[in-house]
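What follows is a set of notes on a single structure, which appears directly below.
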Amino acid sequence: MAKKAADDKTPQIYVDETYFRHVEQMERWRQEYEQWQSVEAKIAAVSKFAFDEVDYLSMLERVPFPERPLTDFSYLVDEARIATESKFFMPIAYHLGVMLFLLGILLLVGNVIALWVSGTGVITLLASLYLTIDKRQRTIQKAVDEAQATAQRREEQEKQLIAEQRQKHEEAEANRIKDVERLMAGERASIFVKLDSVLTKIGFPFPLNVDIDVYNNIYRVQVWLPPKTIIPKQTCTLQNSGRPNHSDKETRTINKQYLELCCAIMMQIITVVYAHIPTFDEVYFNGMSKEKVDIECLLAIKTTREAVTTAANAANGIAAIQALQGRFECDTALELLSVEAILPTEWGNVEPQFIRNLRVKLFK
């Protein structure tokens with residue numbers, strides 16, 4: 001019987017282990033599918049761009065210091081008075097209670113000695129009560145004076161703290177307005193600081209470097225595009241069984257997706273640059289690639305603020321670059337070919353050592 005019971009139990013354990021292995025496999029498949037979808041979604045999200053120019057004129061207005069009412073510390077005086085009075089409540093009550101007891105003896109007992117003792121006790125208690133009440137008044141006055149001094153000291157400290165905060169606020173506002181004025185005046189140092197700050201906040205899902213070159217107040221922005229290998233070579237769908245199904249993409253599909261990504265990257269950077277640098281009008285942009293042995297330019301754009309305002313409404317990156325009349329070339333499979341990088345004609349034959357450069361590393 002024992003052997004039969006053991007045989008009946010074994011299949012149940014096998015079924016449970018099989019079920020849990022199946023659940024774990026389904027979870028791995030689901031995670032694999034979601035990972036593929038996440039990669040595709042992040043690449044597609046680069047094509048979502050907008051052109052929101054910063055209103056620097058409104059930023060020239062000084063923000064007033066937020067005044068706040070002073071704290072009323074008069075409660076410290078009331079607390080000190082009440083606390084001190086409570087300390088003398090029991091001693092005074094004790095004196096009064098004993099006096100009433102002795103007075104009762106004076107009224108009820110006719111014994112001379114008792115009367116004499118009671119009378120002496122009452123007089124002594126009256127004297128002690130007087131001294132206690134006098135001490136009470138002096139102690140209360142001292143506590144009130146100390147509480148008033150504390151309240152005044154705290155009030156002065158709060159006034160000093162508010163004055164320091166007001167001074168810091170005014171200094172910060174003055175520095176902020178100076179920074180805005182320098183940026184609006186087109187100072188190179190201010191422009192470099194602002195570009196370094198805003199470009200790093202774009203949040204690309206892959207590493208990216210941007211070189212900003214300037215000479216004679218003419219700017220060229222070179223974007224080092226990511227390699228084509230960041231584009232997934234397969235699509236992933238989920239079958240009814242829960243198993244992910246991978247299908248190879250066509251070469252033309254991969255090339256088109258990479259072309260769109262490169263154009264979207266350029267538009268992301270162009271819109272951010274123009275949105276935050278008010279003095280920029282005509283700027284040169286080059287999309288560079290290190291994927292091959294020789295460095296090559298894949299996109300070349302010379303644009304203006306007005307053109308960017310219009311192109312930012314395009315449905316995707318390719319349409320936006322075309323609206324900017326940017327130059328790029330593709331073969332029949334939509335693979336990007338090299339084009340000649342645009343150099344600012346205003347630079348002439350300037351020596352490289354006279355060109356100021358800022359490299360910004362963009363990471364998610």
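The values are calculated or read from the model by the stated rules, or taken from the named source; none is laboratory data. Note that this is a predicted model, so its numbers are computed, not measured. Don't worry about glycine lacking a Cβ; one is built from the backbone with ideal geometry, like all the others, and counts go over all protein chains shown. These area figures cover heavy atoms from the full protein model, side chains too; ligands, DNA and RNA do not enter into them. Shrake-Rupley method; radii C 1.70, N 1.55, O 1.52, S 1.80 Å.
Compute the accessible area per residue over the range 35-76, keeping the other protein chains in place, probe 1.4 Å, unit Å².
Working: 2980 Å² over 42 residues.
Result: 71 Å² per residue.
Post the alpha-carbon centroid distance, the range 26-85 to the range 219-257, in whole angstrom.
Comparing the Cα centres of the range 26-85 and the range 219-257, I get a distance of 36 Å.
Pairs of alpha-carbon atoms within less than 8 angstrom and 6+ residues apart define the contacts here; what relative contact order does the range 195-283 have, in percent?
Once normalised by length, the contact order is 28 percent.
What net charge do the residues around V360 carry, taking every other residue with its C-beta under 13 Å from that of V360, with Lys and Arg at +1 and Asp and Glu at -1? All intermediate terms of the calculation are to be shown ahead of the outcome.
On the way: positive: K194, K201, R359, K361; negative: D196, D211, D213.
With Lys, Arg at +1 and Asp, Glu at -1, the neighbours total +1.
Given the C-alpha atoms of the range 34-81, compute the convex hull and give its volume per residue in Å³.
It comes to 174 Å³ per residue, whole-number rounded.
Could you please state how large a percent of the accessible area of the range 278-364 is carbon and sulfur, counting protein chains only and using a 1.4 Å probe?
Answer for the range 278-364: carbon and sulfur cover 50 percent of the accessible area.
Working from the alpha-carbon coordinates of the range 196-243, get Rg over Rh, Rh being the Kirkwood radius.
Here Rg/Rh amounts to 1.28.
Quick check: pseudo-label points 7 Å beyond the Cα along Cα→Cβ at E329 and Q25, how many nm apart are they?
According to this spin-label approximation, the distance is 5.3 nm.
Ratio of alpha-carbon Rg to the 2.2 N^0.38 Å globular estimate for the range 220-277, to two decimals, please.
1.60
Could you give the nm distance between label points at M59 and E291, where each point is 7 Å from its Cα heading toward the beta carbon?
3.6 nm
With no solvent and one point per C-alpha, what does the Debye sum give as log10 I(q)/I(0) for the range 193-351 at q = 0.20 Å⁻¹?
-1.36
So how far apart, in nm, are the two label points at D78 and K361 if each is 7 Å from Cα heading toward Cβ?
Each label point lies 7 Å from its Cα, and together they span 6.1 nm.
Taking +1 at the Cβ of each Lys and Arg and -1 at the Cβ of each Asp and Glu, which of V210, Q239, Q222 sits farthest along the dipole of the range 143-245 towards its positive end, judged by Cα position relative to the Cα centre?
Of V210, Q239, Q222, it is Q239.
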